[in-house]
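Below is one structure, written out as structure tokens, with a few remarks after it.
The values are calculated or read from the model by the stated rules, or taken from the named source; none is laboratory data. Bear in mind the structure is a predicted one, so any value in this text is a computation, not a measurement. Note that each Cβ is placed from the backbone with ideal geometry, even for glycine, and that neighbours are counted across all protein chains shown.
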Amino acid sequence: MSTNKTLILHGWGGSDFPHWQSHLACEIAKNYGTVSFPLLDNCHFPSKNRWVKQVKKILEEFKPDTVVCHSLANTLWFWLCQEEIATVERLFMVSPPSLSTTEPTIKTFFPCETPSNIHAKEVHLIVSDNDPWIELDETESMANSIGATYTVIENGGHINADSGFGKWALIEELALKN
């Protein structure tokens, strides 16, 4: 039985079923773990300031041990690191977009810098070698600057439901480990 409290943060557009984050939330709950998988405000047209405010409140109230971010949620975490937030035990960062992304719909999040304090004792970055949102050399540099362990998935695309990542054994194994 897990005593871990896990916060799952989706990216732009959400991560509803069959996305791996929805499967992960179910697996945690099935194992009597405590999970929070909130739908962030206006997820198709997100505002950095609203998301920071919303997630900062969730962090204060839920007090997670583990945070699992996908895509834009990684950039959101970097912005949260500039706020007064508690340090979590484990942070999983999956498919972060480039910190210089120029997509107009999510422009309030960029450009973004890598924080000097990542607010996590253990960080694991999981990326794909053909993610359309970031180049591998940037992910490697990001992993080094935040002191993250680093996994590269071959031909994983953006590691989402569209690239075949529904139920995903690797993230379940990592996140369910106490």
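A search for C-beta distances below 9 Å between a residue of the stretch 144-163 that is under 17 Å from L24 (Cα atoms) and any residue that is assigned to a helix (DSSP H, G or I) and of a type in the set (S, T, Y), counting only pairs 6+ apart in sequence or on different chains, returns A161/S22. Looking across A86, A120, A143, one residue alone is surrounded by 19 or more Cβ atoms within 10 Å (Cβ to Cβ) and either modelled with pLDDT under 95 or farther than 22 Å from W12 by Cα (or both). It is A120. Taking the stretch 43-71 as the range and being more than 16 Å from H124 (Cα to Cα) and either touching a His at 6+ places or on another chain (Cβ under 9 Å) or in a strand (DSSP E or B) (or both) as the test, only C43 passes.
For the stretch 88-106, a residue qualifies if it is touching a strand residue (DSSP E or B) at 6+ places or on another chain (Cβ under 6 Å) and of a type in the set (V, I, T), and the qualifying residues are V88, V94. In the stretch 28-52, the qualifying residues are those that are among the polar types (S, T, N, Q) and touching a strand residue (DSSP E or B) at 6+ places or on another chain (Cβ under 9 Å), and the one that is surrounded by the fewest Cβ atoms within 10 Å (Cβ to Cβ) is T34.
Kindly indicate the residue of the stretch 24-73 that is of a type in the set (A, V, I, L, M, F, W, C) and touching a Gly at 6+ places or on another chain (Cβ under 9 Å) and also farthest from P111 (Cα to Cα) among those meeting that condition. Out of the qualifying residues, it is L39. Hey, among the residues in the stretch 19-38 that are modelled with pLDDT of 95 or more and assigned to a loop (DSSP other than H, G, I, E, B), which one's nearest to W168 (Cα to Cα)? So, considering only residues that are modelled with pLDDT of 95 or more and assigned to a loop (DSSP other than H, G, I, E, B), the one nearest to W168 (Cα to Cα) is H19.
When the stretch 60-78 is filtered for residues that are surrounded by 19 or more Cβ atoms within 10 Å (Cβ to Cβ) and over 23 Å from A161 (Cα atoms), the ones remaining, listed by number, are P64, F78.
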